[in-house]
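Heads up: the structure comes next, in structure tokens.
What follows is calculated from the coordinates using simple rules that are stated; it is not laboratory data. The shown structure was predicted, so the numbers you read here are calculated from the model rather than taken from an experiment. Positions of Cβ are backbone-derived with ideal geometry, glycine not excepted, and every protein chain shown enters the neighbour counts.
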Amino acid sequence: MENLNLQVKDIFKSFWSGEKELNVLNGINFEFQTGNTYAITGASGSGKSTLIHILGGLDFPTKGQIFWGQKNIFDLNQKQKELFLNSNFGFVFQFHYLIKELSVIENIILPGLIAGKTKKESVQKAEFLLNKVGLEDKFDSYPTQLSGGQLQRVSILRAIFNEPKFLLADEPTGDLDAKNAQIITDLLLLCRKEFGMGLIICSHDKAVYERMDKILTLKDGILQ
Ligand SMILES: Nc1ncnc2c1ncn2[C@@H]1O[C@H](COP(=O)(O)OP(=O)(O)OP(=O)(O)O)[C@@H](O)[C@H]1O
Ligand SMILES: [Mg+2]
């Protein structure tokens with residue numbers, strides 16, 4: 001069977017500010033396996049967000065490659081890459097990025113419509129998922145009418161809608177209280193269990209990162 005792990009090979013990333021070069025990632029090598037859960041921790045500014053954006057193809061490294069099976073994701077053209085990301089990766093961020101003009105249901109089904117699913121089957125699936133997370137009374141609400149914890153639950157449903165191989169989350173509980181942080185972590189782990197996806201989560205929060213199978217620390221631009 002084709003190996004669908006996410007293989008990170010010698011990733012470097014620098015930013016330039018004026019004349020000064022800031023070396024954020026200094027040779028990241030790692031293989032993330034589908035079905036496993038990973039936490040990336042490290043001090044503020046250590047490069048966690050930079051790394052997770054590159055892992056998911058949202059930013060380019062200065063040097064290095066990311067292999068998905070046999071495929072180097074940076075070899076894809078923009079259109080191929082968008083389709084590839086839409087069906088294989090789900091993203092959750094600290095702030096929800098839901099579209100405020102769209103209802104909860106409309107936000108959740110968006111990745112399904114992009115992938116070519118019908119509206120009818122997408123809506124049915126979204127309703128099923130919303131029921132599972134206790135938001136059955138919010139189908140037609142708009143993002144401005146939801147609490148922070150509810151918004152993050154909706155963001156996760158949108159991210160997992162196409163049952164991606166990996167769910168990438170950057171401080172998904174960073175804006176929530178302890179109780180909601182626990183609800184969100186439970187939901188992320190449940191998604192992994194239900195769909196067998198890999199989970200990569202950047203978090204400062206011990207209560208969150210300690211629940212992952214493997215805890216990696218980013219320090220001096222290297223994963224330790
Ligand atoms: N687009 C950019 N241009 C210049 N410097 C950047 C850019 N993005 C990030 N950096 C710098 O790269 C370093 C790593 O940033 P990053 O956001 O990855 O850290 P982080 O570990 O996610 O921090 P936090 O825990 O605060 O979210 C920081 O010093 C940051 O200022
Ligand atoms: Mg960050």
With Cα coordinates, the longest principal axis of the chain makes an angle with the long axis of helix 119-132, in degrees rounded to 10, of 90 degrees
The lysines whose Cα lies under 21 Å from the Cα of K165, excluding any fewer than 8 residues away in the same chain, are K9, K48, K71, K79, K81, K117, K125, K132, K193, K214
Measuring from its Cα centre, the stretch 181-224 shows a charge dipole (+1 at each Lys and Arg Cβ, -1 at each Asp and Glu Cβ) which, in debye to the nearest 20, is 60 debye
1/(1 + (r/R0)^6) with r = Cβ-Cβ of E194 and S14, R0 = 41 Å, i.e. FRET efficiency to nearest 0.05, evaluates to 0.55
Of all GluC sites (Glu not before Pro) in the stretch 1-88, the ones in DSSP coil with at most 14 other Cβ atoms within 10 Å are E2, E19
Summing -39500 (n - 2.57) over every DSSP H run of at least 4 in the chain, dividing by its residue total and rounding to the nearest 500, the 222 nm mean residue ellipticity is -11000 deg cm²/dmol
Helix 104-114: inclination vs the chain longest Cα principal axis, degrees, rounded to 10, gives 60 degrees
Cross-link reach from K20 to aspartates and glutamates, straight Cα distance under 20 Å and at least 8 residues apart if same chain, gives D220
Between the residues F195, W16, L216, the Cα farthest towards the positive end of the dipole of the stretch 6-223, that dipole coming from +1 and -1 charges on the beta-carbon of Lys, Arg, Asp and Glu, is from F195
Amide H neighbours of L218 at under 5 Å, excluding residues fewer than 5 places away on the same chain, with H built from the backbone geometry, are T41, G42, Q224
Long-range amide H partners of V24, meaning residues 5 or more apart or on another chain whose placed amide H is closer than 5 Å, are K13, S14, F15
Plugging the Cβ-Cβ distance of N29 and A178 into 1/(1 + (r/R0)^6) at R0 = 30 Å yields, to the nearest 0.05, a FRET efficiency of 0.30
With the label point 7 Å along the Cα-to-beta-carbon line of K219 and a cut-off under 17 Å to each amide N, the hits in the stretch 19-35 are 25-29
In the stretch 91-164, the GluC sites (Glu not before Pro) that sit in a DSSP loop and have at most 11 other Cβ atoms within 10 Å of their own Cβ are E101, E136
Most fluctuating of E163, E194, E210 in the GNM of the chain (C-alpha, under 10 Å) is E194
To the nearest 10 degrees, the tilt of helix 178-195 (Cα long axis) against the first principal axis of the alpha carbons of the chain is 90 degrees
In a Gaussian network model of the chain with springs linking alpha carbons closer than 10 Å, the residue among K79, K214, K100 that fluctuates most is K79
For the chain, the dipole about the Cα centre with charges only on Cβ (Lys and Arg +1, Asp and Glu -1), to the nearest 20 debye, works out at 280 debye
With the 8 Å Cα cutoff and a minimum separation of six or more residues, the chain has a relative contact order in percent of 30 percent
